[in-house]
Each structure stands twice: as C-alpha cells, then as structure tokens.
Amino acid sequence: IYYNVDTIHQAIIANKQITFQYFKYDFHKEKRYFSEGEPYTESPLALLYNQENYYLLVFNEEKQEFKHFRVDRMEHLVQTEADRLGNNEFEKIDLAEYTKSTFSMYGGPNEMVTMRFPNHLAGAVIDQFGLNILMSAVDKTHFRVTVSVNVSEQFLGWVFALGKKAKILAPEWVAKKMTDLLADVASLYSKTQKE
C-alpha cells in the first residue's frame, strides 16, 4: 500500500495518468479481479483517508465523473506518459463535502432528499449533514430538511436506525426504496423463522 501511495503521489505531481488492476476478496478470501483483470487507466486527483483506509479519487474520462478506488485493492500500479484529465473539474468540487457525502453515506445516486424529524433529533441531523443545512419547522415538535445525499442502503440504514422518528418525504422514489428495503429485510427474517 505504501508503494501504491508513493506512485500515486508521484503521478499527481507529474500530472500523469496511472494504470492498475483492481480486485476484491471472495468468500474463500481469494482475489477476484474486476473487468476480468484488464487494467484500469485513470487520472489520479487526490488521496482520501477514511476509516483506516486510503482511497484514490480519480476522474473517469469515459463517464465524465469522479470515482474512487481503495488503494489497498490496487495492484501493478504504474504511472503512464499520458497527461492527467479532469483538473478543471477537480478545481470546482469541494473536496471536504465530496468526502463527507461519499464516505458517510457511501455510493449511490446523488439526490436532494426531504425528511422530517422530531425536534430532539436536531443534533443527530446536524452531526450527519453539517451546520449549513436549512431546517424549517413543520409544527411545534417536528422540523424538515432537504439535503443532498447519496441514496444507498447505508443512507437508508441511517434513517431506519432512527425508527419511527424519521420519515423520508420526497422524492417518492427514495421513499419507495426505503419501503422496498424494509420489505426485503422483513421477508428475510420471516424465512429464517420458518427454517
């Protein structure tokens, strides 16, 4: 991992792209390579550190979007002669906000989500989304927020952890995603009981 970090730093300084293979571990703790082992070619922009792991933020030219890879799952990492892409796009993003939205709620499509909470959960909501969110009163005991989130199972799990105290109001597809997830989990436990 330290070799990878050093190579990435050198590529960023030299403003060059990198190639690498990317893998995950299967049930047998064996490596399984993405893209059938074909090397990725990416433009490295920044190293991020979250929950004891290094992640590399890159700009993907084909999809014109930012992606990230875990550095410890990258192999045969080599700097190329091709110039890095995405520098202009990188200058426009708030790296702290990107890190927070990506790693606090993980991956998933980005969406503006409106939720309702009881007033006593204001601290938990601020801890999750920051002081800059706009909170508006619904009634004497509840408030509403609209925040940008990555809609993922991790985000839905955070909402679920608050129990009946939190509700997703909009958009409808996000609320339905929560309903579907709850039904799937309930179904799983129903089958367990029968077994």
**OP:** Springs between alpha-carbon atoms under 10 Å, Gaussian network over the chain: tell me which of Glu91, Glu42, Glu30 tops the mean-square fluctuations.
**Re:** Glu30
Original post:
At 222 nm, what helix-only mean residue ellipticity would the chain give, in deg cm²/dmol to the nearest 500, using -39500 (n - 2.57) for each DSSP H run of four or more?
Top reply: -11000 deg cm²/dmol
Original post:
Of Pro39, Pro109, Pro171, which is the most mobile in a GNM of the chain whose springs link Cα atoms less than 10 angstrom apart?
Top reply: Pro109
**OP:** Can you quote the Å³ per residue value for the convex hull of the Cα atoms in region 8-77, rounded to an integer?
**Re:** 100
Original post:
Given a Förster distance of 35 angstrom, what is the FRET efficiency for Gln64 paired with Asp127, based on the Cβ-Cβ distance and rounded to 0.05?
Top reply: 0.60
Original post:
Any idea how far the Cα center of region 20-53 sits from the one of region 64-90, in Å?
Top reply: 12
Original post:
Which trypsin sites (Lys or Arg not before Pro) in region 104-181 pass both tests, a DSSP loop state and at most 13 other beta-carbon atoms within 10 Å?
Top reply: Lys140
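Output the pairs from Lys63/Lys177; Lys16/Lys67; Lys29/Lys67 with a Cα-Cα distance over 19 Å in this structure; if there are none, say none.
On the way: Lys63/Lys177 25 Å; Lys16/Lys67 17 Å; Lys29/Lys67 25 Å.
Distance filter (> 19 Å) returns Lys63/Lys177; Lys29/Lys67.
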Original post:
Largest first, what is the accessible-area ranking of His9, His142, His28 with a 1.4 Å probe?
Top reply: His28, His9, His142
Subject >> Per residue accessible area in Å² of the chain, where ligands, DNA and RNA are left out and the probe is 1.4 Å >> reply: 64
Subject >> Label selected from (1) 166; (2) 181; (3) 240, the criterion being volume of the Cα convex hull per residue in Å³ as computed here >> reply: (1)
Original post:
How big is the shadow of the Cα convex hull of region 117-195, averaged over all directions, in nm²?
Top reply: 6.0
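Would you mind telling me the share, in percent, of accessible area of region 44-184 contributed by carbon and sulfur at probe 1.4 angstrom?
Working: 4230 of 8370 Å².
Within region 44-184, the accessible surface is 51 percent carbon and sulfur.
The values are calculated or read from the model by the stated rules, or taken from the named source; none is laboratory data. Keep in mind that what you see is a predicted model, and the values were worked out from it rather than measured. When we count neighbours, we look across all protein chains shown, and the Cβ atoms used for this are built from the backbone with ideal geometry, even at glycine. Note: accessible area is taken over every heavy atom of the protein model, side chains too, but ligands, DNA and RNA are not part of it. Shrake-Rupley method; radii C 1.70, N 1.55, O 1.52, S 1.80 Å.
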